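In what follows, a structure is listed as structure tokens, so that the remarks can point back to it.
The values are calculated or read from the model by the stated rules, or taken from the named source; none is laboratory data. As the structure is a prediction and not an experimental result, all values here were calculated from the model. Cβ sites come from the backbone with ideal geometry, for glycine too, and all protein chains shown count toward neighbours. Please note that ligands, DNA and RNA were not included when accessible areas were found on the heavy atoms of the full protein model with its side chains. Shrake-Rupley method; radii C 1.70, N 1.55, O 1.52, S 1.80 Å.
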Amino acid sequence: MSCPLCLDDRPPRHELRAHDADLVRCRQCGLVRVEPMPTAEAAAALYDDAYFRDAERGYVDYVADERVFRQEFRRRLRQVRAAGGRGRLLDIGCASGALLLEAQAAGFQPSGLEPAPGLARRAAETSGCPVIAGTLADALLAPASFDVVTLFDVLEHLVDPVRALRRLQVTLAGGGLLAVTVPDYGGLWARVSGRHWPFITPWEHLVYFTRRTLRGALVRAGFDCVQFHSARTPLSFGTLAAKSPWPDALVPSSWAHRGVGLPAGTLFATARAP
Ligand SMILES: [Zn+2]
């Protein structure tokens, strides 16, 4: 398969093997990805309601940990506003609606898109915002219908990230702002951890971006004015315990759904639609 970023079709270099899967690196642009890539249908099938409360596949308990995510979304939305983001906002992969609630409080007019049907329903009920139940590939999104698109921790799950970004570029009004976060494969944490980095989860994370390859994907999809911002990686103590070798018993139950924003592990960029 050719590289989903630069379309180079030479055989890629082997990068590492983890969880019985191989990651490879494109010889031309350096993009790291799973090899072989699943089909788009197989990749999308992972995101049902159970994904959000299944430590093996996805989140330990997304809804219970919502407070930890909301805190970080509040910080990211402040940076979106500082970058000039205003108005109609579409949150891709809105889960139970944590970002929709924060976006409303910050003065945006938010809508959501979420493939897991139960979570999409919950997001609509708790926020009162319009929420489309479906995937980005299937959703009918009118051209130029949003001023801001947030794509937080989604792009690395997609088989063809450049194609998804192109769709979002068309969905944005002229000069509209895309805000995107991905795990930071080029950061110090990833580099010192190698194949043990906790975000190497090849059944769900198909593409591993660095600053350079994320910028490349945004530019190739037609965005300009790419800017990087600081972001934290929100993690509840319960999730830390479940995903680490430490015994669960170290975290008292009253602390399981509190958490921290780790000051590493996440790349955060904004870019403008032309
Ligand atoms: Zn490439």
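Out of 53, 67, 81, which single residue is open to solvent by 20 Å² or more (accessible area, probe 1.4 Å), away from the ligand (no atom under 16 Å from the Cβ) and closer than 29 Å to residue 176 by Cβ?
So the residue among 53, 67, 81 that is open to solvent by 20 Å² or more (accessible area, probe 1.4 Å), away from the ligand (no atom under 16 Å from the Cβ) and closer than 29 Å to residue 176 by Cβ is 81.
Out of everything in region 1-14 that is free of Cβ contacts under 8 Å to residues at least 24 places away in the same chain and more than 10 Å from the ligand (Cβ to nearest atom), what residue ends up being surrounded by the fewest Cβ atoms within 10 Å (Cβ to Cβ)?
11
So which residues in region 67-106 are over 11 Å from residue 148 (Cβ atoms), of a type in the set (D, E, K, R) and without any contact (Cβ under 8 Å) to a residue 40 or more places away in the chain, if there are any at all?
Selection gives 70, 74, 78, 102.
For residue 114, which of the numbered conditions (1) within 16 Å of the ligand (Cβ to nearest atom); (2) touching a helix residue (DSSP H, G or I) at 6+ places or on another chain (Cβ under 6 Å) fails to hold?
Failed condition: (1).
Quick check, is residue 179 at pLDDT 95 or above, touching an Asp or Glu at 6+ places or on another chain (Cβ under 7 Å) and closer than 27 Å to residue 96 by Cβ?
When the stated conditions are applied, residue 179 does not pass them.
Can you tell me which residue in region 136-152 is nearest to residue 174 (Cα to Cα), limited to those that are modelled with pLDDT of 95 or more, open to solvent by 40 Å² or more (accessible area, probe 1.4 Å) and not aliphatic (A, V, I, L, M)?
Per the stated criteria, the residue is 147.
Could you please find all residues in region 37-50 being more than 16 Å from the ligand (Cβ to nearest atom) and open to solvent by 20 Å² or more (accessible area, probe 1.4 Å)?
38, 39, 40, 41, 42, 44, 45, 46, 47, 48, 49, 50
Within region 186-237, restricting attention to residues that are in a helix (DSSP H, G or I) and of a type in the set (Ser, Thr, Tyr), which residue is surrounded by the most Cβ atoms within 10 Å (Cβ to Cβ)?
Once the filter is applied, the top-ranked residue is 213.
Inside region 129-151, can you point out the residues that are free of Cβ contacts under 8 Å to residues at least 40 places away in the same chain and outside any loop (DSSP other than H, G, I, E, B)?
Correct list: 131, 132, 133.
Among the residues of region 24-36, write down those that are surrounded by fewer than 17 Cβ atoms within 10 Å (Cβ to Cβ) and more than 9 Å from the ligand (Cβ to nearest atom).
The answer is 36, and nothing else.
Let me confirm something: among 142, 103, which residue is of a type outside the set (Asp, Glu) and either within 18 Å of residue 77 (Cβ to Cβ) or touching a Cys at 6+ places or on another chain (Cβ under 8 Å) (or both)?
The match here is 103.
Can you spot a residue in region 89-99 that is at positive phi, in contact with a helix residue (DSSP H, G or I) (Cβ under 9 Å, 6 or more places away or on another chain) and within 16 Å of the ligand (Cβ to nearest atom)?
For region 89-99, residues at positive phi, in contact with a helix residue (DSSP H, G or I) (Cβ under 9 Å, 6 or more places away or on another chain) and within 16 Å of the ligand (Cβ to nearest atom): absent.
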